[in-house]
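Since the structure comes first, as structure tokens, the remarks are kept for the end.
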Ligand SMILES: [Zn+2]
């Protein structure tokens with residue numbers, strides 16, 4: 001940093017403004033009852049954990065109600081967590097939902113399916129390297145956590161089919177071999 005870091009008070013006010021802008025209802029109602037405060041406090045911990053795992057500042061992470069997923073509790077269904085990470089240098093955003101197989105330790109990256117454009121889970125992420133493995137242009141296999149459940153894709157999506165077998169090693173003269181599906 002080349003400029004003087006703002007003091008705690010300034011950063012705190014800035015954080016309140018950011019929350020009020022991004023999630024006005026959730027922020028305003030966090031003191032309404034024990035459940036809303038518990039959710040707010042729990043999500044604050046989620047923010048710290050995700051920020052640490054992905055090596056981003058805590059103010060790059062925001063947890064809001066998931067508009068599409070709810071979870072049952074003793075007092076009824078509650079909205080799930082939708083975790084949005086905004087990369088400070090680029091402004092790119094990544095969206096995650098909790099991975100309930102390892103609560104608080106890994107998350108499921110959402111993205112558009114390349115086959116049908118539905119928003120699906122594309123990778124399981126516990127550490128920066130998992131995100132990197134998913135994004136790595138040199139990776140030649142689909143990640144093991146790819147979601148092939150047809151129920152999450154649009155009908156007829158070909159991306160839910162098993163990936164094609166790896167091509168054989170280059171033969172002596174494979175020139176001109178068509179890779180098209182002939183459609
Ligand atoms: Zn699909």
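Any read-out appearing in this document is the output of simple, stated calculations on the displayed coordinates, not a laboratory observation. Keep in mind that this is a model prediction, so the values were computed, not measured. Glycine gets a Cβ as well: all are built from the backbone with ideal geometry, and neighbour counts include every protein chain shown.
Let's test the formula: R0 of 22 Å, r as the Cβ-Cβ distance of residue 74 and residue 100. What FRET efficiency results, to the nearest 0.05?
Rounded to the nearest 0.05, the efficiency is 0.80.
Tell me, what is the FRET efficiency for residue 31 and residue 10 to the nearest 0.05, using R0 = 22 angstrom and their Cβ-Cβ distance as r?
The pair residue 31/residue 10 has a calculated efficiency of 0.40.
Hey, could you grab the Kirkwood Rh for region 8-151? Inverse mean 1/r over distinct alpha carbon pairs, Å, one decimal.
About 16.5 Å for region 8-151.
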